[in-house]
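The values are calculated or read from the model by the stated rules, or taken from the named source; none is laboratory data. Since we're looking at a predicted model, the values are computed, not measured. Cβ atoms come from the backbone with ideal geometry, glycine included; neighbour counts cover every protein chain shown. Only protein heavy atoms, including side chains, enter the accessible area calculation; ligands, DNA and RNA are left aside. Shrake-Rupley method; radii C 1.70, N 1.55, O 1.52, S 1.80 Å.
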There are 2 protein chains.
Amino acid sequence: MTQRSRTRARHSLPLSRVYRLLEPGPVVLLTTAHRGRTNVMTMSWHTMLEFEPPLVGCVVSNRNYSFAALKSAKECVINVPTARLAETVVKCGNVSGRAKDKFAAFGLTALPAAQVEAPLIAECYANLECRVVDTRLVAKYNFFVLEVCKAWIDPAVRAPRTIHHRGRGEFMVAGRTIRLKSRMM
Amino acid sequence: MTQRSRTRARHSLPLSRVYRLLEPGPVVLLTTAHRGRTNVMTMSWHTMLEFEPPLVGCVVSNRNYSFAALKSAKECVINVPTARLAETVVKCGNVSGRAKDKFAAFGLTALPAAQVEAPLIAECYANLECRVVDTRLVAKYNFFVLEVCKAWIDPAVRAPRTIHHRGRGEFMVAGRTIRLKSRMM
């Protein structure tokens, strides 16, 4: 897949549908930009907080290189990978951005975002541009509240094989889909 | 499975392993007890906040009957179901505890917890007894911070077929497991 085709495939996603990407708990890649440097980190500790505008809460440890970038720039992108990117996702989690340009090292393609400085990762099927809107729980829990201001999706991916961390290098890959008569959003 | 066998199968789980149950993002059943009444609600908006003692952040909407119970009693149990309980999970999400005793209506078995008044659900393979430890984000986001004080698991369930909400009655069932050389916890 060329970068051109990846770029063309990216459609804008209505903000009201963002929760459907994060609610099932996928491992995501968080990108930041700060003082002219971009970075990627692997993240599993996140939750939806509100449907629309979509609010997301997430933990970015103050031991992570991304912490300072997120705290200062107050912007990031949440990129959702599928299983074919699993090895890269783990590599991104194994090293610090202090030591390495992970985009170059792991062959990830940075695309410009529409509303934030942090880049989209072209290899991910969905990208959520976010702004930090509440830092009250950062000091105690490293917990940031983000508002998703722009969302992108590859419409060709219908049943994404997202990956879900079960600890210590064990990941569950999204399986079959079932449909039930739910009144839940 | 009789209630007796369910009770016998339940082992204590070290608190350091709790994150491995919630990090992959399963739909869970939250139980509460308040003024002599127990209740169950379906919940997907939760995240780990700390490994040990395990802290969990979760959204319980103030439109839910469980909200008042959680706010007053400051205790609950997070119960993790698998796919064979999927229809019951959806039923629990479709009605309010105001109108119905969901344990009786949906054939769920309440077992006494060790440290909290809220009951364990016997049909779930894991149960986390929790206390509310931070309510700073409740007013704005209905976001509660819980500390898991006791955890139970059915050790016979090795690769749990947890269910993961993708919105509007669509659920992803946990698929295959892959193992990668990760330094992540």
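Computed quantities for the displayed model
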{"quantity": "Residue closest to axis [chain A; rotation mapping onto B; Cβ; Å]", "calculated": "A:Gly25, 1"}
{"quantity": "Shortest-first nm distances, A:His11 label point to equivalent points in other copies (7 Å, Cα→Cβ)", "calculated": "4.8"}
{"quantity": "Size of the B/A contact, given as accessible area buried on both chains, probe 1.4 Å, in Å²", "calculated": "5600 Å²"}
{"quantity": "Occluded residues from segment A:74-97, i.e. those whose accessible area drops by 50 Å² or more once the chain is not alone (1.4 Å probe)", "calculated": "A:Asn94"}
{"quantity": "Chain B, dipole about Cα centre (Lys/Arg Cβ +1, Asp/Glu Cβ -1), debye to the nearest 20", "calculated": "340 debye"}
{"quantity": "The protein assembly as shown: equivalent-ellipsoid semi-axes (sqrt of 5 x gyration tensor eigenvalues, Cα, Å)", "calculated": "34, 21, 20"}
{"quantity": "Other protein chain Cβ atoms within 10 Å, averaged over every residue that makes up B:12-24", "calculated": "3"}
{"quantity": "Ordering of A:27-33, B:12-18 by packing [mean C-beta count within 10 Å, highest first]", "calculated": "A:27-33, B:12-18"}
{"quantity": "Most mobile of A:Gly36, A:Gly25, A:Gly107 in a GNM of chain A (Cα contacts under 10 Å)", "calculated": "A:Gly36"}
{"quantity": "Sequence-distant residues sharing a close amide H with A:Leu49 (under 5 Å, placed H)", "calculated": "A:Leu55, A:Val56, A:Gly57"}
{"quantity": "Long-range amide H partners of B:Arg166 with built H, under 5 Å", "calculated": "B:Phe171, B:Met172"}
{"quantity": "Per residue, in Å², the accessible surface of segment A:61-169 once ligands and nucleic acids are set aside, probe 1.4 Å", "calculated": "40 Å²"}
{"quantity": "Under Karplus coefficients 6.51, -1.76 and 1.60, residue-wise ³J(HN,Hα) of segment A:161-167 in Hz, glycine/proline x", "calculated": "7, 5, 10, 9, 6, 10, x"}
{"quantity": "Under Karplus coefficients 6.51, -1.76 and 1.60, residue-wise ³J(HN,Hα) of segment B:175-181 in Hz, glycine/proline x", "calculated": "x, 5, 9, 10, 10, 10, 6"}
{"quantity": "Model label zone, B:Ser96; criterion: amide N under 12 Å from point 7 Å along Cα-to-beta-carbon; scope segment B:65-81", "calculated": "B:65-68"}
{"quantity": "Label spacing, shortest first and in nm, from B:Ser96 to its equivalents in the remaining copies (7 angstrom along Cα→Cβ)", "calculated": "5.1"}
{"quantity": "B:Ala159/A:Ala114 FRET efficiency (R0 45 Å; Cβ-Cβ; nearest 0.05)", "calculated": "0.65"}
{"quantity": "Label spacing, shortest first and in nm, from B:Lys140 to its equivalents in the remaining copies (7 angstrom along Cα→Cβ)", "calculated": "1.3"}
{"quantity": "Phi-based couplings in Hz for segment B:141-146 (Karplus 6.51, -1.76, 1.60; Gly and Pro marked x)", "calculated": "10, 6, 9, 9, 9, 10"}
{"quantity": "Alpha carbon centroid spacing (whole Å) that separates segment A:86-102 from segment B:112-156", "calculated": "33 Å"}
{"quantity": "Value at 222 nm in deg cm²/dmol, rounded to 500, when DSSP H runs of n ≥ 4 in the protein assembly as shown each add -39,500 (n - 2.57)", "calculated": "-4500 deg cm²/dmol"}
{"quantity": "Among A:39-46, B:58-65, the order from most to least packed when residues are scored by Cβ within 10 Å on average", "calculated": "A:39-46, B:58-65"}
{"quantity": "Cut-off 9 Å between beta-carbons: net charge of the residues surrounding A:Val56, Lys and Arg +1, Asp and Glu -1", "calculated": "-2"}
{"quantity": "For A:160-166, mean number of other protein chain Cβ atoms within 10 Å", "calculated": "6"}
{"quantity": "Percent carbon-and-sulfur accessible area, chain A, ignoring ligands, DNA and RNA, probe 1.4 Å", "calculated": "47 percent"}
{"quantity": "Shielding by other protein chains, A:135-145, mean Cβ within 10 Å", "calculated": "3"}
